1. Once both labels are modelled 7 Å past Cα along the beta-carbon direction, what's the E429-T547 spacing in nm?
2. Mind listing the long-range amide H neighbours of K101? Cut-off is under 5 Å, sequence gap 5 or more, other chains count too, H placed in the peptide plane at 1.01 Å from N.
3. Between R302 and T218, with labels modelled 7 Å along Cα→Cβ, what's the label distance in nm to one decimal, could you check?
4. Enter the Cα centre distance for the pair segment 493-570 and segment 454-482, rounded to the nearest angstrom.
5. Identify the residues of segment 49-92 with backbone N under 14 Å of a label point that sits 7 angstrom from the Cα of K526 along the Cα-to-Cβ direction, or state none.
6. So between D573 and K94, what do we pick up on full extension, going 0.36 nm a residue minus the alpha carbon distance?
7. If the reach is capped at under 24 angstrom between alpha carbons, list the lysines near K410, excluding any in the same chain fewer than eight residues apart.
8. On a full-extension model of 0.36 nm per residue, what is the gain between S583 and F70, subtracting their alpha-carbon distance, rounded to one decimal in nm?
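What follows draws every value from the coordinates through simple rules; no lab data is involved. None of the values given here were measured: they were computed from a predicted structure. Note that each Cβ is placed from the backbone with ideal geometry, even for glycine, and that neighbours are counted across all protein chains shown.
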Amino acid sequence: MKDILTGILKGLIGRRGFLKLVGKAALSASALSLFGPKRREARATVFPSGSTEVLLKKGLVVDGTGKKSFTGNLLIKGNKIAAVTTDTVKTSGKVIDCTGKVISPGIIDMHSHMDWYLPIEGHPEMKTPFTAQGVTTFVAGNCGYGVAGFRKDSTTMDKVRFGTQGLYEIGWDTMEEYFSYIKKVGMSHNLVNLAGHGTTRASMRGFEASPLNDDEMTELLTHLETAMDQGAYGVSFGLQYEPGIFATLDEIGKIARLIKKKDKILTVHMKAYSSLSGTYPLKLFGTPHNLLGIEDMINVARETGVRMELSHLIFVGKRTWKTVDEGLTMIDDAISEGLDVKFDTYSYHCGTSIINVFFPEWFLAKVPEAYEDRKLMRRLKRDIFLMESLLGFGYKQIQITDAKCEELEKYNGMFLYDIAKERNMSQFENFIDFARKSNGIARVLNHRYTNLKIVEELMRHPASLFMTDASPVLEGVQNPGCYGCFPRFFQIARDNNVISLEEAVYKMSGAARERFNIKDRGILAKGLAADVLVFDEKGIKDNNTITDTDRAPSGIEAVFMNGVQVMKEGVVDDSINAGVVVS
């Protein structure tokens, strides 16, 4: 009866209306829970063990190492790969004929924020789109937004956030406590997690802009070290977001040395991705800011020896595109020098963020009082005008996906430029209104981050890895990366002859395995976890458009996670929680 009523409701109000209604119901339920104890017990979820044996027969095996593919068979026993071979394999279990299909490792989304979404109960639609494009493992906790590693009894936890407020309570402090919680709730995907410098720092002192004193630095290092000791694979920075934007190079260097000592990885959302930004002084004829950002981080890698991943390398604004060659040359030179520096990239011209990313450090340091300071507002208006004029990026390229404000949510899906005209406001006033009323966390999809030519150039680069950097929303417009990022990589590689199938698979599986020192998955080999993808190389494609950004891809046929088939004939079973914490 419940399924029948759900179907009728979807038919009456449409899919998005249904999700919106469900989302509000979840928020209301969560609001009621605030009157209960702070730390509620997670409910246990049992997932099926899957078939004892499954044979994937006569497929094109692309094993994730980058080596040449071959026609062969793959046998799954329990949660492990039992054989990958060209020989005939006999089994009493289930047999799937993969003739004409590709058998590859499950995709590792090596730059994700889904650690914040795994604890959500009752909204599988926020997770299944990733399964439907072949993702079996998230590397999460990026851009400084770690989900654990907090000061106990923090008085500034209101500053620790990533757009999931109201969907659950943060009932943990440590990484160990977080892992315990999501295991009890049930995990839709495997998780490789990072500690986040920004959220750990925010749990200690909110968005205070002044440099850390010695005791605070010691405490910060202790929290991050504990998180790594409890299973975090490294630490991430978000140097364009509060409070990471306030971190000094000395602070960054001390953390980098700790990460190096633990033999972990540092991932970094750099201080700038455009030739002009709010995080470096505005000099019309100076070094482009995005190149300064790359230089700063290469210097940190040089001084500390840390393994460094430059997050979502993009070139924001048409006038920044001319810096692509120089930026890649800087990375090539660093690698030639012996530094362990790589970068990750996505397949779209657009990417998601929050509206505060456009504010300079000097303004964020004085928010919310800054909104009332006429002098600061005049300066901000001038700087944004200059950046828009000189970058070829501005209000026409910023799309509101989730306004995070009931009064403004009717504008979800529209671009700031069009919203201002409809509201009969100046572009600057409209922009400030969205930032202020959302407390800086309105979700935006920024266009003109790059173009197809640059996407292809980044795909070809030997230091690039593939990822989504996509977060789902209950209300508003989805980031297309949630639905079609990896199929689009395959599509571009195939149709434009950019890279081989073997290299494409490697950049979304084996390369991430190597980068993060993941031991038990990422390639197809006997004894490793049975995370396996079956797809049609000729038919795989992304179906999203500028206006319809939540379309399922074509060509993904089966997904196995730890030996459990979670997707069959293109349909994800959202009742299965087959994921694990990858240790």
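1. Result: 3.0 nm between the two label points.
2. Amide H neighbours of K101: L60.
3. Going from the R302 label point to the T218 one covers 3.3 nm.
4. 14
5. 73-77, 81-90
6. That works out to 170.6 nm of additional length.
7. Hits, sequence-local ones excluded: K10, K20, K24, K396, K421, K437.
8. Between S583 and F70, full extension yields 181.6 nm more.
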